[in-house]
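The values are calculated or read from the model by the stated rules, or taken from the named source; none is laboratory data. Please read all numbers here as calculations on a predicted model, not as lab measurements. Glycine also receives a Cβ, built like all others from the backbone with ideal geometry; neighbour counts cover every protein chain displayed.
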Amino acid sequence: MTNAPHAPLAPPPAAADADGEARLVSALARGISILSCFSPTVQDLSSRELMERTGLAKPTLFRLLDTLCELGLLRYSERLSRYVPGVGLVNLAAPALARMTVRQLARPLMQELADHIAGQVELMVGYGNTITYVEIAQGVGSRVYRPEVGTRVSMSRTGSGRAYLSMMGEAERSTYLAQLRANDAEREAWLQGRLAEAALDLEEHGFCRGHRDLHREVESIAVPMRTRRDGEAWLFAASVPVFSQQSKQMVEDVGPRLVSLVRNVEGSLGAAG
């Protein structure tokens, strides 16, 4: 499921390339840091809250807010007296979603499985240290909470996150774990144990179990695609309520069905080139 909301970091200083010129445009980075303050659980913010979250000076913040509002990426709500995400953000997301062939190929298979388990089937894409929902199928009669497309997924507390970490190269995974250890040594030690379990799950079953680490009322499993596409890792997950009959058949029935779904998608992608 999703991470708890957190305050975005202020944009880093612009890095320099071999010629000594800045590679990052600071104004653009600062504007994106403002947009990153919003999430499905943080839908409106005051200028004071934005200043605290971004660390930007008041004059700089208001210049950027005016620009973002003019472009339709943010909007000032007179009703709330707060800033809210604008429709322009939806427009910007459309090309990214449209070019994801995996979504189009997987959607009918995901819906079929979601209906069969009376639960939810999710498709996620991982890049860097971020995993994001890009497609969600809700089955008939499902009582699983449905997140929004674009919501981030927890790296440590979900089977999907641990499957993604297991797919990383050793150096990349070690860097992530070192950062986590510096912030929360106890959580990093706990995650090491879960990653060992995930490796065994993947070897024996082809999927990772969620162990109800994020939501005690939901059983879930995750299956990664075996190869990346354009540098992105793709993962599928299936979730059902713990009180459902299907929750007792995650390893014997739901898991193998989800693995079969992923292999069918991989075959279709190969046929599509």
Of all helices (runs of 4 or more DSSP H) fully inside segment 1-107, the set with 1 or more residues that are among the hydroxyl-bearing types (Ser, Thr, Tyr), surrounded by 12 or more Cβ atoms within 10 Å (Cβ to Cβ) and at pLDDT 95 or above is 26-35, 47-54, 58-70
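Conditions tested, residue by residue: (1) exposed (fewer than 14 other Cβ atoms within 10 Å of the Cβ); (2) assigned by TED's automatic domain parsing to the domain that holds Pro108; (3) part of a loop (DSSP other than H, G, I, E, B); (4) among the hydrophobic types (A, V, I, L, M, F, W, C).
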| position | (1), (2), (3), (4) |
| --- | --- |
| His211 | no, yes, yes, no |
| Ile221 | no, yes, no, yes |
| Thr227 | yes, yes, yes, no |
| Ala233 | no, yes, no, yes |
| Val240 | no, yes, no, yes |
| Glu252 | yes, yes, no, no |
| Ser268 | no, yes, no, no |
Please work out which residue is farthest from Gly206 (Cα to Cα), limiting yourself to segment 153-183 and to residues that are surrounded by 20 or more Cβ atoms within 10 Å (Cβ to Cβ) and hydroxyl-bearing (Ser, Thr, Tyr).
Ser156
Taking the conditions exactly as written (surrounded by fewer than 19 Cβ atoms within 10 Å (Cβ to Cβ), modelled with pLDDT of 95 or more, under 20 Å from the mean Cα position of the chain (by Cα) and outside any strand (DSSP E or B)), does Leu200 satisfy them or not?
no
Answer with yes or no whether Val102 is touching a helix residue (DSSP H, G or I) at 6+ places or on another chain (Cβ under 8 Å) and free of Cβ contacts under 8 Å to residues at least 60 places away in the same chain.
no
Can you say whether Thr151 is of a type outside the set (A, V, I, L, M) and either under 30 Å from Gly72 (Cα atoms) or without any contact (Cβ under 8 Å) to a residue 24 or more places away in the chain (or both), as far as the supplied structure shows?
yes
If I filter segment 129-152 down to residues being modelled with pLDDT of 95 or more and of a type in the set (A, V, I, L, M), which single residue comes out as surrounded by the most Cβ atoms within 10 Å (Cβ to Cβ)?
Ile131
Might you check whether a residue that is in contact with a Ser or Thr (Cβ under 8 Å, 6 or more places away or on another chain) and either polar (S, T, N, Q) or part of a helix (DSSP H, G or I) (or both) occurs anywhere in segment 139-155?
yes
Mind checking which pairs have a first residue in segment 83-94 that is in the same structural domain as Met51 (by TED's automatic domain parsing) and a second that is assigned to a strand (DSSP E or B) and loosely packed, with under 13 Cβ neighbours inside 10 Å, Cβ under 8 Å, 6 or more apart or different chains?
Tyr83/Ser77; Val84/Ser77
Gln111 - would you say it is closer than 26 Å to Ser247 by Cα and in contact with a Lys or Arg (Cβ under 8 Å, 6 or more places away or on another chain)?
no
Can Gly126 be described as in a strand (DSSP E or B) and at pLDDT 95 or above?
yes
Consider Glu135 carefully, then state whether it is in contact (Cβ under 8 Å) with a residue 24 or more places away in the chain, of a type in the set (Asp, Glu) and either in the same structural domain as Ala237 (by TED's automatic domain parsing) or outside any loop (DSSP other than H, G, I, E, B) (or both).
yes
